[in-house]
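The structure under discussion appears below in the form of structure tokens.
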Amino acid sequence: MSLSIGIVGLPNVGKSTLFNALTRKCVPAENYPFCTIDPSVGIVSVPDERLEKLSLFSHTQKTIPAVVEFVDIAGLVEGASKGEGLGNKFLAHIREVDAILHMVRIFDIQDESGTEQTHLYGSIDPLRDIKVINMELILADMETVQNRREKILRDVKRGDKQAIFEDAVCAKMYDWLSSEKLAQYFKLSEEELVVIKTLHLLTMKPVMYGLNKKSGGKNLDESDPSTFQKILEEIEKYSAEYVVIDAKTQEDLSEFSKDEKELFTAELDSHDDGIDELIQKAYKLLGLITYFTTGEKETRAWTIKRDSTAPVAGSAIHSDFLTKFIRADIIGWQELLDAGSFGEARAKGLLRTEGKDYVVKDGDVIEFRI
């Protein structure tokens, strides 16, 4: 399943630094605007203790985690919707992803050692930065909506009912966007939503926020709690998730082994600095859940869309499972561990046989029958 989340934000807020930390893939992250011209794609494993426990349970030879795709997208500047900076490339790349991780810098220009890291606007103001990005996406969407209205104008004039309905929906959406509101928060009927989905608006994409702090820096969550609270309140307006993360520390630690990383994070008292939480929330933002298959040869986490039926879930393994599905033996991962074996689980009636209408739950362990 190819679903991706694009990392967006102003230049110098930590997008490529975070991408490096996530993927260990070498992408430009120099301290100047527009260093990332073409998007880089990284496939990142989703941390999941359930998979590790099932692997130990089955004495598995091979363990394969679920993954989420991150796309590092060039920094945006004010005026991008009109082609400023790398605006056209930026917007085109956002159209290609399924969700947005909006990186926002919350550390100051100068850290405790006196080292400076410039900001596009010369000062740290996360609320301003969030508004700049959102406004550019809104302006781009307004242009998309207006272009659509112009395209169907001839059909509207000749009285085509569908065109008239579509034009009315677009007019309502244009007015909503003009009030500086994101498209995803406009209440639409099912019929209206069908029209809007064809426009592929940028502000219809689900969003989460990465609040990037810096070890040894002056961070708003510590130095200015009242301003930081205002940032959280702004994010809450969008009903969005957020993660506070130290991207630079995580980039540095990504070069170490697992044991070395645990040692250093313990010394820094930084735990995982939000990176595991960020990956997990990004996975959920895409509307994804995980089910498992487990045995001596392999324990694997399979990625499916939430509310998938058993045959659809099986197609993640092989397309034949969709059409040739007969039934599936299913048990919750914790139930299986508690039972001690598949045999005991079956004897206790915990291993259920489900048909094609069964909706797979996050954490199910499944054996398909075809």
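Annotations for the structure displayed:
- In region 147-191, residue farthest from the chain's Cα centre (by Cα) [restricted to those that are within 23 Å of N134 (Cα to Cα) and of a type in the set (D, E, K, R)]: R149
- Residue satisfying all of: in region 333-370; surrounded by fewer than 14 Cβ atoms within 10 Å (Cβ to Cβ) and free of Cβ contacts under 8 Å to residues at least 12 places away in the same chain; nearest to the chain's Cα centre (by Cα) among these: D338
- E367 fulfils the conditions (1) closer than 17 Å to A66 by Cβ; (2) in contact with an Asp or Glu (Cβ under 9 Å, 6 or more places away or on another chain); (3) not in a helix (DSSP H, G or I) except for a single criterion, (1).
- If the condition is being hydrophobic (A, V, I, L, M, F, W, C), at pLDDT below 95 and either farther than 22 Å from V41 by Cα or touching a Lys or Arg at 6+ places or on another chain (Cβ under 8 Å) (or both), then region 52-79 contributes I64, I73, A74.
- V156 being open to solvent by less than 70 Å² (accessible area, probe 1.4 Å) and in contact with a Lys or Arg (Cβ under 7 Å, 6 or more places away or on another chain): no
- For region 145-157, the count of residues that are touching a helix residue (DSSP H, G or I) at 6+ places or on another chain (Cβ under 9 Å), among the acidic types (D, E) and modelled with pLDDT under 95 is zero.
- Counting residues in region 198-208 that are open to solvent by less than 40 Å² (accessible area, probe 1.4 Å), touching a residue at least 40 places away in the same chain (Cβ under 8 Å) and of a type in the set (K, R) gives one or more.
- Within region 313-332, the set of residues being in a helix (DSSP H, G or I), in contact (Cβ under 8 Å) with a residue 12 or more places away in the chain, over 25 Å from the mean Cα position of the chain (by Cα) and surrounded by 13 or more Cβ atoms within 10 Å (Cβ to Cβ) comprises F321, K324.
Table: residues versus (1) crowded, with 16+ Cβ neighbours inside 10 Å; (2) modelled with pLDDT of 95 or more; (3) in contact with a Ser or Thr (Cβ under 8 Å, 6 or more places away or on another chain).
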{"position": "L193", "(1), (2), (3)": "no, yes, no"}
{"position": "G217", "(1), (2), (3)": "yes, no, no"}
{"position": "D221", "(1), (2), (3)": "yes, no, no"}
{"position": "Y238", "(1), (2), (3)": "yes, no, no"}
{"position": "K248", "(1), (2), (3)": "yes, no, yes"}
{"position": "L263", "(1), (2), (3)": "no, no, no"}
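The values are calculated or read from the model by the stated rules, or taken from the named source; none is laboratory data. Since the structure is predicted, the reported quantities are computational estimates derived from the model, not experimental observations. Using ideal geometry, Cβ is built from the backbone for each residue, glycine included, and neighbour counts are taken over all protein chains shown. Please note that ligands, DNA and RNA were not included when accessible areas were found on the heavy atoms of the full protein model with its side chains. Shrake-Rupley method; radii C 1.70, N 1.55, O 1.52, S 1.80 Å.
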